[in-house]
Amino acid sequence: MSGVKVSDSMPVPETMKAWVIGDPDELIQVEKPVPMPSRAEILVRIDAVAICATDLEIIHYGTPALIEGGPPFNKNFTPGHEYMGTVAALGEGVDEFEIGDRVTVEIHAGCGQCKRCRQGMYTSCHNYGLNYGDVNKGHRANGFTTDGGFTEYAVNHINTVIKVPDTMSDEEATLVVTAGTSMYGLTELGGLVAGESVVVTGPGPIGLLAVAVAKSLGASPVILTGTRDSRLKIGLALGADHVINVKDTNVVDAVKELAGELGVDYVVECAGSEVAINDAIHMTNRGGKICLAAFPHDPAKIDLPHVVKNNMYLYGIRGEGRSATHRAMAFMADKQFDASLIHTHTFALDDLPEALRYARERVDDAIKVVVKARDAQQKLKAV
Ligand SMILES: [Zn+2]
Ligand SMILES: [Zn+2]
């Protein structure tokens, strides 16, 4: 392709192995042509990809993936969005990276021309999924609206690529986008400043890294709530000042005991249940903010009068806008916290269905399961 720079040091094959979604819950391994980068894009040779709960959603329900205006089934679509790798080819006009650079990625390259993209809120792009046929706005969200990472190569816009320091493992580098999502919720969307109090509800990957990011940002105290002691223990290692097992206690009272009876400045709500959302409302202080980071499947009944009377802010978060992922990498590169504590298992790319089962059923207490296209020997890492 014209203008694409490749190197003899990293030959790019014509075709690659890729997993694609067939019917719901069906993954098929196929051979696909290796894609080539256009202007301001690079080709990434994928070295590792983490499985996200949203991948499981997409493979089962289809949404929030959107391929050619509809569900992603039987469209030769490759899911997977939390990957890292090595730069293998440069598109026209790219001098920000060199072939051979280790990089990790964020998901969304918005269209670049809508109101939200122009504000840096490209994960809220008004042209989401409009990247085909006559309506092509050039939007990319790899693993959602364009091919993702459960394969050997992927194309990324350079705005979505972040260099990985030599001191960081492949597995840890896949977690940057998760940390970036938590960062976006707390800083750009939330406006957190040092010394404010934060509760994180739900110790999944986003919740656990929200604890780590909140602590690094100087929040105090940082409190994590959940039902599994093993997860809460990881939260402590990532910087939580206190953890509360909600099974044993009235969580609203317990938070107020720790943070003062007015409640906390921020809640990052990662549990998604109606009870958890109402608890979040009742543990937030007047004028406080609640970041809704989990998506319940059903509409929830919430204590709206309490929200209104107390001047609270509730906001949903979609992904990792305003380059928050790049800033999360700064924390991780600086070893402010050890994100690799949430990485529990590694599988070969060929074993993706088994890796997805580990993530879905939380086999062996799995949190983040990573799949590697290279170094294909299977590793199981104990927490
Ligand atoms: Zn994800
Ligand atoms: Zn846009």
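Summary table below
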item	result
Filter pass, ASP303 being free of Cβ contacts under 8 Å to residues at least 60 places away in the same chain and not hydrophobic (A, V, I, L, M, F, W, C)	yes
Restricting the stretch 332-350 to residues that are among the small types (Gly, Ala, Ser) and closer than 13 Å to ALA173 by Cβ, the residue that is surrounded by the fewest Cβ atoms within 10 Å (Cβ to Cβ)	ALA333
Failed item in (1) hydrophobic (A, V, I, L, M, F, W, C); (2) within 16 Å of ligand 1 (Cβ to nearest atom); (3) without any contact (Cβ under 8 Å) to a residue 40 or more places away in the chain, with ALA141 passing the rest	(3)
Check on GLY85, buried (at least 17 other Cβ atoms within 10 Å of the Cβ) and more than 29 Å from GLY202 (Cβ to Cβ)	yes
Lone qualifier among LYS247, LYS215 - being within 18 Å of SER273 (Cβ to Cβ) and more than 15 Å from ligand 1 (Cβ to nearest atom)	LYS247
Criterion violated by ASN159 - all others in (1) within 15 Å of ARG327 (Cβ to Cβ); (2) surrounded by 21 or more Cβ atoms within 10 Å (Cβ to Cβ) satisfied	(2)
Listing of helices (runs of 4 or more DSSP H) fully contained in the stretch 243-357 that carry 3 or more residues being closer than 22 Å to ASP55 by Cα and under 26 Å from the mean Cα position of the chain (by Cα)	324-333
Number of positions in the stretch 214-254 that are closer than 18 Å to HIS343 by Cβ, out of contact with any Gly (no Cβ under 9 Å at 6 or more places or on another chain) and not polar (S, T, N, Q)	7
The stretch 134-156, subset of a type in the set (Val, Ile, Thr), under 30 Å from ARG374 (Cα atoms) and within 15 Å of ligand 2 (Cβ to nearest atom), residue surrounded by the fewest Cβ atoms within 10 Å (Cβ to Cβ)	THR146
Lone unmet requirement of (1) in contact with a strand residue (DSSP E or B) (Cβ under 6 Å, 6 or more places away or on another chain); (2) part of a loop (DSSP other than H, G, I, E, B); (3) at negative phi; (4) within 16 Å of ligand 1 (Cβ to nearest atom) for GLY80	(3)
Matching entry among SER220, SER197 (being surrounded by fewer than 20 Cβ atoms within 10 Å (Cβ to Cβ), of a type in the set (Gly, Ala, Ser) and on the phi < 0 side of the Ramachandran plot)	SER220
Residue count for the stretch 338-357, restricted to those that are in contact (Cβ under 8 Å) with a residue 60 or more places away in the chain and of a type outside the set (S, T, N, Q)	11
Hey, ILE99 among the β-branched types (Val, Ile, Thr) and away from ligand 1 (no atom under 16 Å from the Cβ) or not	yes
Of all residues making up the stretch 106-133, the number that are without any contact (Cβ under 8 Å) to a residue 12 or more places away in the chain and either under 16 Å from ILE67 (Cβ atoms) or surrounded by 19 or more Cβ atoms within 10 Å (Cβ to Cβ) (or both)	1
Tally, over the stretch 83-105, of residues that are assigned to a strand (DSSP E or B) and without any contact (Cβ under 8 Å) to a residue 12 or more places away in the chain	0
The listed residue being touching a Ser or Thr at 6+ places or on another chain (Cβ under 8 Å) and either farther than 24 Å from GLY218 by Cβ or not aliphatic (A, V, I, L, M) (or both), out of GLY143, GLY191, GLY185	GLY143
Members of the stretch 165-218 that are of a type in the set (A, V, I, L, M, F, W, C), over 12 Å from LEU238 (Cβ atoms) and part of a loop (DSSP other than H, G, I, E, B)	MET168, LEU189, LEU192, VAL193, ALA194, LEU217
Strands (runs of 3 or more DSSP E) enclosed by the stretch 6-68 - at least 1 residues per element that are in contact with a His (Cβ under 8 Å, 6 or more places away or on another chain) and of a type in the set (A, V, I, L, M, F, W, C)	41-50
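No lab work stands behind these numbers, since they all come straight from the coordinates. Bear in mind that the values here come from a model prediction, so they are computed numbers and not experimental data. FYI the Cβ positions are ideal-geometry reconstructions off the backbone, even for glycines, and counts take in every protein chain you see.
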